[in-house]
Amino acid sequence: MRAARLITMVLLLQSRPGMTAAELAAELEVSERTVARDAAALSEAGVPVYAERGRTGGYHLVDGYRTRLTGLARGEAEALFLSGLPTALRDLGLQDAASAARLKVAAALTPSLRDTPDTVARRFHLDAPGWFQEPVAPALLPVVAEAVRDDLTVRARYLRDGAEVDRALLPYGLVLKAGVWYLCARVAHPGDAPSAQGFRVYRVDRFVSVEPDGGRFERDAGFDLAGFWAARSARFARSLLRTEVTVRISGAGARRLPHLVDRAAAEEALAAAGPPDGEGRWTVTLPVESPEVAYEQLLALGAEVEVLAPAALRARFREAAARMRGLYG
């Protein structure tokens, strides 16, 4: 346990020199006193760790010191070679760099692990796009990716509601969701303080042009791309649910419902439902995007669901049932 923690501490300092005792303690999930003891143990073992005091201080490794990846277990090595999506690397123009990096990592592995790249490739393949979608990389993705990597401010033209919108953007991060690339960026307005520049999300395939304007921006160190995307996507999904339908649903229908509509909304609606009636059905008020979308989604449940309201949607289901009765007798 402690040996693994010491190795992790060395790798952390190798990649992020100047980490404070508090930062290391948070990463390693130990106390700051334990961090100090571990640093002393590493120093005694010949690893050149030293601490600098002061406001800009922290723990460092002597300049030029590098550890080699000779302590990887097979599971760790396999996870490393699974860590990138091949299609995403290709779309970003990083395929050659990733191949070179894998070769370097493979060369640093112990002989017993040299077969890891081949064994992983034979057993696992990562395919990000959804079914029935032909993945097409947006033409401007490499330009956007370069701006994200180098913190370059850009001037972009973007299609919105059929019109082109011009924006000065601070591109913070790229997200690949179900085969679609999204840019998380701040909109830069002249004279605005960084805190006033709001974050927005753009589909990369809707950019008409993206050009670096020669400037760079100072990245907000507190920005968490994964956390931002999770919160924004959840909020976006909820924003689409603008209306409600009331249904009577069977147990079988309730089990299938989260797979047909927004999962979180379905689970909350089912949890809020009262006890079942005499026929074993629950009356559920379900948030939906629109009556038209609800019709397409709930139709898949067939006789496991009865629409009670709104009246227009119930009438549409009645008409569909009559047509099916005519087809099947």
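The values are calculated or read from the model by the stated rules, or taken from the named source; none is laboratory data. The shown structure was predicted, so the numbers you read here are calculated from the model rather than taken from an experiment. Every residue, glycine as well, gets a Cβ built from its backbone with ideal geometry; the counts of neighbours run over all protein chains shown. Only protein heavy atoms, including side chains, enter the accessible area calculation; ligands, DNA and RNA are left aside. Shrake-Rupley method; radii C 1.70, N 1.55, O 1.52, S 1.80 Å.
If you plug the beta carbon distance of Ala321 and Leu270 into 1/(1 + (r/R0)^6) with R0 = 22 Å, you get a FRET efficiency near 0.40. Residue separation of Thr8 and Thr285 scaled by 0.36 nm, minus their Cα-Cα distance, works out to 94.7 nm of gained length.
Approximating the spin labels as points 7 Å out from Cα along Cα→Cβ, the Ala36-to-Gln95 distance works out to 5.3 nm.
Shape of region 235-329 from its Cα gyration tensor (a ≥ b ≥ c, root eigenvalues): rounded if a/c is under 1.5, otherwise prolate when a/b > b/c, or oblate? It comes out oblate by the Cα gyration axes. Counting only the backbone N, which residues of region 135-159 are under 11 Å from the spot 7 Å out from the Cα of Ala221 toward its beta-carbon? Label zone hits: none.
Taken as Cα centroids, region 143-179 and region 9-69 sit 37 Å apart, rounded to the nearest whole angstrom.
Spin-label pair Leu240-Ala139: with each label point 7 Å from Cα along the Cα-Cβ axis, the two points sit 2.8 nm from one another. Sorting Trp131, Trp282 by accessible area puts them as Trp131, Trp282; the probe is 1.4 Å, largest comes first, and only protein heavy atoms count. The label point for Ala22 and the one for Ser233, both projected 7 Å from the Cα toward the Cβ, are 3.2 nm apart.
Across region 199-305, the mean sequence separation of Cα contacts (distance under 8 Å, 6 or more residues apart), normalised by length, yields a relative contact order of 31 percent. So if we plug the beta-carbon distance of Arg314 and Val201 into 1/(1 + (r/R0)^6) with R0 = 56 Å, what FRET efficiency do we get, rounded to 0.05? According to the calculation, E is roughly 0.95.
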